[in-house]
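The values are calculated or read from the model by the stated rules, or taken from the named source; none is laboratory data. From a predicted model like this one, the values you see are computed outputs, not experimental measurements. Every residue, glycine as well, gets a Cβ built from its backbone with ideal geometry; the counts of neighbours run over all protein chains shown.
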Amino acid sequence: MAFLDNSGDIILDAVLTDTGRKRLARGDGTFRIVKFALGDDEINYGNFDGAALSGLQDLEIMRTPVLEAFTNNTSQMHSFLQTYTNNQTLLYLPVVKLNTNSNPMVQAPFNTFFVTVDSNTTDALFCPSTPMGPYGASTSKNRDGILKGQDPSKSSFIRLDQGIDNLLSPVASGLPTSEFYENQYLIEIDSRFGEIVSSDGTTRANASFIDDDQIASYYLSKTVNGDFVMDNTSQAAVGASEQIILGARGTYLQFQIQVTQNLQANESWFTRMGGTFDAGPPSGTTVECYYIDTVVRVTGLTTGFRVDVPVRYVRATGAYTCAGTP
């Protein structure tokens, strides 16, 4: 990563993404640039000097060195520039928010989603015979913040809501234009650890591609992937329901994570890339587990809004048995 000398000139430094370079390498004449993104993450707009002489208020901003373009998808732009046609009356921008009313994360001190990698770990967290599991007494029930990665059909899920998070944009009024409506999302996940499946665990999403860093990209739309992306038609108030968007609402995305066979089969990934911790603080019960911390990145492809969802893959270090019926 490097900076380019700006010196007051406007610089546009562009590169192809991993996907673009892969398609260009085909050499079959089908390569076309149909989408691009602009960003200004390096700019500090607090440097705008309103008291400066006319025409010089943004001089410091214009002279800010700009980041050299880079293709590493793990270090790319965090914020995309957007253009809205109704900008004369634009007061609020849409957001995408992690819905912890519908399915809270595992609470302090973890503040993340647990993904259990095998049935032994699920038994350890839910209902070992001795002692009682810290998160409940039945592996057949859903628990907040815990995704059963080995069996998503019996699991909680992750949900993100989209809309205008402001009471001055009433829920009943709806989103102003289609530019505010998010009908497709990009999910990025480390393919070595997990795959994306529907909230009920019955539908496996197809990854569009996996890059050289083993990051899988899933493009999901309301039209094609109705099990994942849905219209949020509820007009219930925030606080009295699972809703989290204060104002006009668009869509919501919900999904689960199914762990890979490699992560289920052995603990080598955990010893190489993670560590151990006590997963039992809610009840004081000690449950020693391996863990790998990561994030699942969700980006709205219309608005460019991005959310990183914290995820901890968990594998019990010892053997546990459940007295009940899973």
Condition broken by Thr121, with the remaining ones in (1) exposed (fewer than 12 other Cβ atoms within 10 Å of the Cβ); (2) at pLDDT 80 or above; (3) under 28 Å from Gln214 (Cα atoms) satisfied: (1)
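Give segment 189-225 a look and list any residue that's hydroxyl-bearing (Ser, Thr, Tyr) and under 20 Å from Val307 (Cα atoms), or say none.
Narrowing segment 189-225 to residues hydroxyl-bearing (Ser, Thr, Tyr): 191, 198-199, 202-203, 208, 217-219, 221, 223.
Scanning segment 189-225 gives Ser191, Ser198, Ser199, Ser208, Ser217, Tyr218, Tyr219, Ser221.
Here is a check on your reading of the model: is Asp227 in contact with a helix residue (DSSP H, G or I) (Cβ under 7 Å, 6 or more places away or on another chain) and in a loop (DSSP other than H, G, I, E, B)? Step through it out loud before you land on a result.
Numbers: in contact with a helix residue (DSSP H, G or I) (Cβ under 7 Å, 6 or more places away or on another chain): no; in a loop (DSSP other than H, G, I, E, B): yes.
Criteria not met by Asp227.
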Asn111 vs. criteria at pLDDT 70 or above and not aliphatic (A, V, I, L, M): yes
Among residues of segment 124-143, those that are modelled with pLDDT of 75 or more and assigned to a loop (DSSP other than H, G, I, E, B), counted: 0
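For segment 237-244, does any single residue satisfy the condition of being in contact with a strand residue (DSSP E or B) (Cβ under 9 Å, 6 or more places away or on another chain) and not in a loop (DSSP other than H, G, I, E, B)? Talk me through it step by step, then tell me what you get.
Let us first name the residues in segment 237-244 that are in contact with a strand residue (DSSP E or B) (Cβ under 9 Å, 6 or more places away or on another chain), namely 242-244.
In the following step, the residues that additionally are not in a loop (DSSP other than H, G, I, E, B) were identified as none.
For segment 237-244, residues in contact with a strand residue (DSSP E or B) (Cβ under 9 Å, 6 or more places away or on another chain) and not in a loop (DSSP other than H, G, I, E, B): absent.
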Cβ pairs under 9 Å, 6+ apart, first in segment 189-214 and at positive phi and modelled with pLDDT under 95, second among the small types (Gly, Ala, Ser) and part of a loop (DSSP other than H, G, I, E, B): Gly201/Ser155; Gln214/Ser191
Qualifying residue in segment 204-214 (condition: of a type outside the set (Gly, Ala, Ser) and surrounded by 21 or more Cβ atoms within 10 Å (Cβ to Cβ)): no
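Can you go through Leu91, Leu59, Leu24 and tell me which one is within 30 Å of Gly239 (Cβ to Cβ), out of contact with any helix residue (DSSP H, G or I) (no Cβ under 6 Å at 6 or more places or on another chain) and at pLDDT 75 or above? Write out each step before concluding.
Values: Leu59 fails: within 30 Å of Gly239 (Cβ to Cβ); Leu24 fails: within 30 Å of Gly239 (Cβ to Cβ).
Only one candidate passes the filter, namely Leu91.
Answer yes or no as to whether Gly247 is buried (at least 16 other Cβ atoms within 10 Å of the Cβ), of a type in the set (Gly, Ala, Ser) and in the same structural domain as Gly194 (by TED's automatic domain parsing). Spell out the reasoning first.
Values: buried (at least 16 other Cβ atoms within 10 Å of the Cβ): yes; of a type in the set (Gly, Ala, Ser): yes; in the same structural domain as Gly194 (by TED's automatic domain parsing): yes.
Here the answer is yes, as Gly247 does meet what is asked.
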Tally of residues being buried (at least 21 other Cβ atoms within 10 Å of the Cβ) and at pLDDT 95 or above across segment 226-243: 2
Output for segment 1-21, where each listed residue is modelled with pLDDT under 75, among the aliphatic types (A, V, I, L, M) and either assigned to a loop (DSSP other than H, G, I, E, B) or under 23 Å from Asp213 (Cβ atoms) (or both): Met1, Ala2, Ile10, Ile11, Leu12
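Filter segment 45-64 down to the residues that are of a type in the set (A, V, I, L, M) and surrounded by 10 or more Cβ atoms within 10 Å (Cβ to Cβ), then identify the one that is farthest from Leu12 (Cα to Cα). Quick ask: steps written out before the conclusion?
Going residue by residue through segment 45-64, those that are of a type in the set (A, V, I, L, M) are 51-53, 56, 59, 61-62.
Narrowing the set further to residues that are surrounded by 10 or more Cβ atoms within 10 Å (Cβ to Cβ) leaves 52, 56, 59, 61-62.
Details: Ala52: 27, Leu56: 22, Leu59: 18, Ile61: 15, Met62: 13 Å.
Going through the qualifying residues, I end up with Ala52.
Which fully enclosed strands (runs of 3 or more DSSP E) of segment 148-219 have 3 or more residues being in contact with a Ser or Thr (Cβ under 9 Å, 6 or more places away or on another chain) and under 22 Å from Arg249 (Cβ atoms)?
Values: elements: 158-163, 184-190, 194-197.
Ranges flagged: 158-163, 184-190.
Just to be sure before I move on: is Gln254 modelled with pLDDT of 90 or more, of a type in the set (S, T, N, Q), crowded, with 17+ Cβ neighbours inside 10 Å and under 16 Å from the mean Cα position of the chain (by Cα) in the structure I sent? Explain how you work it out, then say what you get.
Working: modelled with pLDDT of 90 or more: yes; of a type in the set (S, T, N, Q): yes; crowded, with 17+ Cβ neighbours inside 10 Å: yes; under 16 Å from the mean Cα position of the chain (by Cα): yes.
For Gln254, the condition - modelled with pLDDT of 90 or more, of a type in the set (S, T, N, Q), crowded, with 17+ Cβ neighbours inside 10 Å and under 16 Å from the mean Cα position of the chain (by Cα) - is met.
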Among the candidates Thr30, Thr71, residue that is modelled with pLDDT under 80, outside the structural domain of Gly163 (by TED's automatic domain parsing) and hydroxyl-bearing (Ser, Thr, Tyr): Thr71
Matching strands (runs of 3 or more DSSP E) fully within segment 262-324 where at least 3 residues are under 23 Å from the mean Cα position of the chain (by Cα): 288-300, 306-316
